[in-house]
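This report concerns only the one structure given below.
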There are 2 protein chains.
Amino acid sequence: MSETRRIHDIQPFHVMALLARARQLEAEGRDIVHMEIGEPDFPSPPQVVAAGLDAIKDGEVHYTPASGLPVLRQAIADFYAQHYAVTVSADRIIVTPGASGALLLTLGVLLERDQAVLMADPGYPCNRNFVRFLEGRTTAVNVGAESGYQLTAEQVKHHWQAETRAVLLASPSNPTGTLIDPDTMQGIIRQTQQLGGAVIVDEIYHGLVYGGQAKTALALSDEVFVINSFSKYFGMTGWRLGWVVAPEAYVESLDKLAQNLFLAAPTPAQYAALAAFQPETIAVLEQRREAFQQRRDFLLPALRQLGFKIPVEPQGAFYLYADCSAFTDDSYAFAEELLEQAGVAITPGKDFGHNQPEKHLRFAYTTSMERLQEGVARLGKYLGKS
Amino acid sequence: MSETRRIHDIQPFHVMALLARARQLEAEGRDIVHMEIGEPDFPSPPQVVAAGLDAIKDGEVHYTPASGLPVLRQAIADFYAQHYAVTVSADRIIVTPGASGALLLTLGVLLERDQAVLMADPGYPCNRNFVRFLEGRTTAVNVGAESGYQLTAEQVKHHWQAETRAVLLASPSNPTGTLIDPDTMQGIIRQTQQLGGAVIVDEIYHGLVYGGQAKTALALSDEVFVINSFSKYFGMTGWRLGWVVAPEAYVESLDKLAQNLFLAAPTPAQYAALAAFQPETIAVLEQRREAFQQRRDFLLPALRQLGFKIPVEPQGAFYLYADCSAFTDDSYAFAEELLEQAGVAITPGKDFGHNQPEKHLRFAYTTSMERLQEGVARLGKYLGKS
């Protein structure tokens, strides 16, 4: 047995080794503050839970159509109308097993072998691995504080090559939490369309935006692919449900691929998600958004005070991407050290690409304010700052 | 926008057009007997439903480890020990979003671009589409009644080429319902291993075997990939849960891919599945198996009497693959005709490959005995046989 090239090129999540070590330390009785986990600490909203329970009791456990329950596709379309004032036909919405499924389908219909996808570095690690899985290539473009850790239209133009097929944007971004402003987004869409390429926008952290309201790329163009998820804002991680809004010309191909790759998204999750857009549910989710904002508003200055550099204020998601070069030139070893010595688990930069990962850590504020305060206190003590 | 080669090569399920037409006729007030649907008509077993409900009430809606809940992997391992008297370490079991997810992972770790997978024609249509999705190639080998619609070791040897990487077997087979006998399976495993290839065995219809007990390929070798599902025998289609048992050397690669492609299988489904192996659940499932057997024992002679040729008695799944050349040389048009004129929906052969699809139909006995009787009566009347 020899490893295939695909498997060789795809990296595991490096944080998993740290998480396993954290669990081991906990099993030995140590208390660990978890700031590495990319999952909301809240349960699914009670309305969603109730809808899921009712559906299962009613026997709604058979296959749905490959593109999802028509009533859920319509509910998502209605959400775009109400929440963003954007008209999206339900026919253009494909419900998928998580946003992961949406990205797999989207790249599957767009990408020939050896074609390339432009994306920002740092970025979510799975994105380039999906491309590699499909025998495509990633053109990782280094981004920094000067552009809010987002691509610009100029970069798209500069890095475009004959084999480039698409640009993948994420707003808010994982790991940086930063948004793309609408003008930049519009510029990138225009630039990419001029170049004959496709734009994919990961909006899975939409909803978790602080001090403003993110604009969906669908407000700017019907010809973009927008990927979203019930996991993060809607608090439905384990249910595994997401969606893609696609340009009309691609819908039939996406449905065909969904038939073959998934048969359909999980049925209980689809029924549960029908309750996700109800006003009572949104009220619960908005309270949680405020809790996340309070955490960010505590953690951002606290980390800066300790000597971490976070040059751009993250407006969304639940991450802070911090330059730790004041303390180390090996962020992975530093993360190991902080885990072992300070009892704080943090994700090392190497999970997010090749753009100075050794200088960066990602802090997640997916734990309570009390635990974040404890984590900061431990870091301060260990770093001699308190 | 131009269709990618991958999308061009992947066929939609042709039966979907017939199903849509059937639904339209039903909306117009027509009564249609459904013998086209590849999904058990039974609900999930009550114990499974109860376990799913309890888990959701307990807040078990967060991500699980990528390879599945350890307790579920162990329960599957225990099932192999109890049911098949085969020892399989839980570490070799990866829980996936449906058997579809298991096949995607398996082919993902095995297949380089342009490498080929040998499989029987007729066969389940998604299989070759998964291979194409990954930029691999399918070597479809025509099989017929003489080998029980299954590959032989001689065929594997004969069709093996330099770029062949794996053989994919299905026992019981969809669409033919036939099993591979253990000697043939052993011969294929030996032959393939001699050739340096991998054997993948689709056992998703295991459990639905009549007049005997299917033997898992894991009883013959630890070096095969066995794919199974909670959908068919266990009656959990919409929950989307399956698994793969892999050779130990591939487990780490599969876990890495699962992290990236899926994050994890749906959590409520995993907890629900914990109840699938309990004796009370198995008792329910065995009653259902008997119901399926009674349906087969009715439908097989009834179709033969009408003039359909079914030369090999199908021992498993819930399908009969019938030669309809006594009536037509275009089974798709014939299926359309039977739907419109007789009110019976059947899957045309073209969904299963290129081996005389125009002469074949697949009948599914996933509806009640009363409806099957009605369907047969309608066919008899339409064909002038009653």
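The values are calculated or read from the model by the stated rules, or taken from the named source; none is laboratory data. Values in this document were obtained by computation on a predicted structure and should not be read as measured data. In this analysis, Cβ positions are derived from the backbone assuming ideal geometry, glycine residues included, and neighbour counts consider all displayed protein chains.
Can A:Ala120 be described as facing chain B (nearest Cβ under 10 Å), under 20 Å from the mean Cα position of the chain (by Cα) and under 29 Å from A:Lys350 (Cα atoms)? Judged against the criteria, A:Ala120 is not a match. Within the stretch A:364-380, the set of residues being crowded, with 19+ Cβ neighbours inside 10 Å, in contact with a Phe, Trp or Tyr (Cβ under 7 Å, 6 or more places away or on another chain) and not polar (S, T, N, Q) comprises A:Ala364, A:Tyr365, A:Leu372.
Of all residues in the stretch B:147-170, one or more are within 14 Å of chain A (Cβ to nearest Cβ), surrounded by fewer than 18 Cβ atoms within 10 Å (Cβ to Cβ) and more than 26 Å from B:Leu300 (Cβ to Cβ). When A:Ile32 is tested against the conditions (1) at pLDDT 95 or above; (2) β-branched (Val, Ile, Thr); (3) in the same structural domain as A:Leu208 (by TED's automatic domain parsing), the lone failure is (3). All conditions in (1) more than 24 Å from B:Leu320 (Cα to Cα); (2) within 14 Å of chain A (Cβ to nearest Cβ) hold for B:Ala219, with the sole exception of (2). Note on the stretch B:1-20: among residues that are surrounded by fewer than 16 Cβ atoms within 10 Å (Cβ to Cβ) and not in a loop (DSSP other than H, G, I, E, B), the one that is nearest to the other protein chains (Cβ to nearest Cβ) is B:Arg5.
Here is the figure for the stretch A:139-168: residues that are among the acidic types (Asp, Glu), farther than 22 Å from A:Arg362 by Cβ and part of a helix (DSSP H, G or I) total 1.
Taking the condition of a type in the set (A, V, I, L, M, F, W, C), farther than 30 Å from A:Gly349 by Cβ and within 14 Å of chain B (Cβ to nearest Cβ), does A:Leu72 pass? For A:Leu72, the condition - of a type in the set (A, V, I, L, M, F, W, C), farther than 30 Å from A:Gly349 by Cβ and within 14 Å of chain B (Cβ to nearest Cβ) - is met. Within the set A:Ala269, A:Ala246, A:Ala275, the sole residue that is touching a strand residue (DSSP E or B) at 6+ places or on another chain (Cβ under 6 Å) and within 14 Å of chain B (Cβ to nearest Cβ) turns out to be A:Ala246. With respect to A:Tyr84, is the statement that it is surrounded by 14 or more Cβ atoms within 10 Å (Cβ to Cβ), hydroxyl-bearing (Ser, Thr, Tyr) and either in contact with a Cys (Cβ under 6 Å, 6 or more places away or on another chain) or away from every other protein chain (no Cβ under 11 Å) (or both) true? So A:Tyr84 passes the test. Among the residues of this structure, A:Ala283 does not count as one that is at pLDDT 95 or above and buried (at least 24 other Cβ atoms within 10 Å of the Cβ).
Restricting to the stretch B:27-41, and then to whatever is acidic (Asp, Glu), surrounded by 14 or more Cβ atoms within 10 Å (Cβ to Cβ) and out of contact with any Leu (no Cβ under 8 Å at 6 or more places or on another chain), can you tell me which residue is farthest from the other protein chains (Cβ to nearest Cβ)? So, considering only residues that are acidic (Asp, Glu), surrounded by 14 or more Cβ atoms within 10 Å (Cβ to Cβ) and out of contact with any Leu (no Cβ under 8 Å at 6 or more places or on another chain), the one farthest from the other protein chains (Cβ to nearest Cβ) is B:Asp41.
Candidates are the residues of the stretch B:123-138 that are out of contact with any Gly (no Cβ under 7 Å at 6 or more places or on another chain) and either assigned to a loop (DSSP other than H, G, I, E, B) or facing another protein chain (nearest Cβ under 8 Å) (or both); the one that is nearest to B:Ala264 (Cα to Cα) is B:Phe130. Screening B:Ala291 with (1) in contact with a strand residue (DSSP E or B) (Cβ under 8 Å, 6 or more places away or on another chain); (2) under 30 Å from B:Pro46 (Cα atoms); (3) not polar (S, T, N, Q) gives one miss only, at (1).
Scanning the stretch B:292-323 for residues that are farther than 20 Å from B:Val344 by Cα, of a type outside the set (S, T, N, Q) and surrounded by 16 or more Cβ atoms within 10 Å (Cβ to Cβ) yields B:Val312, B:Pro314, B:Gly316, B:Ala317. Within the stretch B:324-342, is there a residue that is modelled with pLDDT of 95 or more, surrounded by 16 or more Cβ atoms within 10 Å (Cβ to Cβ) and within 18 Å of the chain's Cα centre (by Cα)? Looking for residues that are modelled with pLDDT of 95 or more, surrounded by 16 or more Cβ atoms within 10 Å (Cβ to Cβ) and within 18 Å of the chain's Cα centre (by Cα), one finds none in the stretch B:324-342, hence no.
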